[in-house]
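Here the structure comes first, spelled out in structure tokens, and everything after it is commentary.
The values are calculated or read from the model by the stated rules, or taken from the named source; none is laboratory data. Treat the numbers as computed from the prediction; the structure is a model and nothing was measured. Neighbour counts run over all protein chains shown; Cβ positions are idealised from the backbone, glycine included.
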Amino acid sequence: MRLPSGCAVGLDRLVLAPAARALGRSGRELAGLLMPSLCVLCGRQDGTVCPECAPGLVAELLHPFRAEQDAAALPLYPVPLGGPEPSLHPVPVVAAARYGAEASRALLAFKDHGRTAVAGYLRPAVHRALAAAPRLLEAQGPFTLVPVPSSAAGFRARGYDPVEELLTGALPPGWQVAPGWLAHRRRPLVAAFRPRSSHAGTGSRQRRHRGRDRFRTSRRYAANAQRGPGRNVVVFDDVMTTGSTLAATWHALEQDGVRPVGAVVVAAVTAPGTAPDEGLNSA
């Protein structure tokens, strides 16, 4: 049975309210204590990540790096390169880790299987990336971090927003989070039943413009002084593949008169054959 649109909107507001999110977070933490699970990496030993698997995961999460070179759908901006004619470069993105074997399994368990305790391993990596971002993005703080929002359907299915979950608690100095600045546009009913096409066989220009209108800015947030003058805006997401999601957030924020200075992601998919440590920066 399909709920009337007014009821669906009211239900979304109730479920997405900050108090409801905090209550859900407490309930998940309690459930994790009462019902221990097997390791998200090997599936054999008890614990969120067992002692045998933990070193491999931690090693993958140690070194933030600039990751935009393999994301063909990112927006392009002119950058002077020592001459009078600027050249187009993708917006800068800092990744906390490569989307490697351990990191990918940990993120999938965290995002899609309710294993929220994995955030205890991911948050330190996010903090390292944020601490390294001023140097890697070549930008000065203070910074406002804009998380890519979960859709209402995704939040109802999971019971939490995985991106915002990684930003709970204290952040490195100079950073503040702006939850609620971005929101998903409601798709027309007809569009919801259209088959989704893949990125395979599409050029970088097509990927850059595909789905660019999927986000909107919140009117309530646009009027909120929390953005503050003199703050550089940085977008935050969990995984970057082609960069099309980040491109859509850029489009929405620019429509609101804001141009982000870069993005930070938990993990980035790199080109096949890239050496494990190529391009990594210790931080």
Next item on the list: Find all pairs meeting these conditions: Cβ atoms under 9 angstrom apart; at least six residues apart or on different chains; first residue within the stretch 144-157 and of a type in the set (D, E, K, R); second residue surrounded by fewer than 21 Cβ atoms within 10 Å (Cβ to Cβ).
Entry: R156/L11; R156/D12; R156/V15
Check: Are there any pairs with C-beta distances below 9 angstrom linking a residue in the stretch 117-143 that is touching a residue at least 12 places away in the same chain (Cβ under 8 Å) and over 13 Å from L171 (Cα atoms) to a residue that is part of a helix (DSSP H, G or I) and among the basic types (K, R), with the two at least 6 apart or on different chains, and if so which?
Finding: A117/R28
Check: Does G32 qualify as being part of a helix (DSSP H, G or I) and modelled with pLDDT under 95?
Finding: yes
Next item on the list: Name the residue, out of L16, L62, L74, that is modelled with pLDDT of 90 or more, surrounded by 17 or more Cβ atoms within 10 Å (Cβ to Cβ) and not polar (S, T, N, Q).
Entry: L74
Item checked: Residues that are surrounded by fewer than 17 Cβ atoms within 10 Å (Cβ to Cβ) and either in contact with a Pro (Cβ under 8 Å, 6 or more places away or on another chain) or under 13 Å from F236 (Cβ atoms) (or both), drawn from the stretch 142-170 -> T168
Check: In the stretch 247-273, what count of residues is obtained for those that are in contact with a strand residue (DSSP E or B) (Cβ under 9 Å, 6 or more places away or on another chain) and not β-branched (V, I, T)?
Finding: 13
Next item on the list: Kindly list the number of the only condition in (1) hydroxyl-bearing (S, T, Y); (2) within 27 Å of L253 (Cβ to Cβ); (3) outside any loop (DSSP other than H, G, I, E, B) that fails for S104.
Entry: (2)
Check: (1) surrounded by fewer than 21 Cβ atoms within 10 Å (Cβ to Cβ); (2) out of contact with any Phe, Trp or Tyr (no Cβ under 8 Å at 6 or more places or on another chain); (3) not in a helix (DSSP H, G or I): which one isn't true of L88, the others all being true?
Finding: (2)
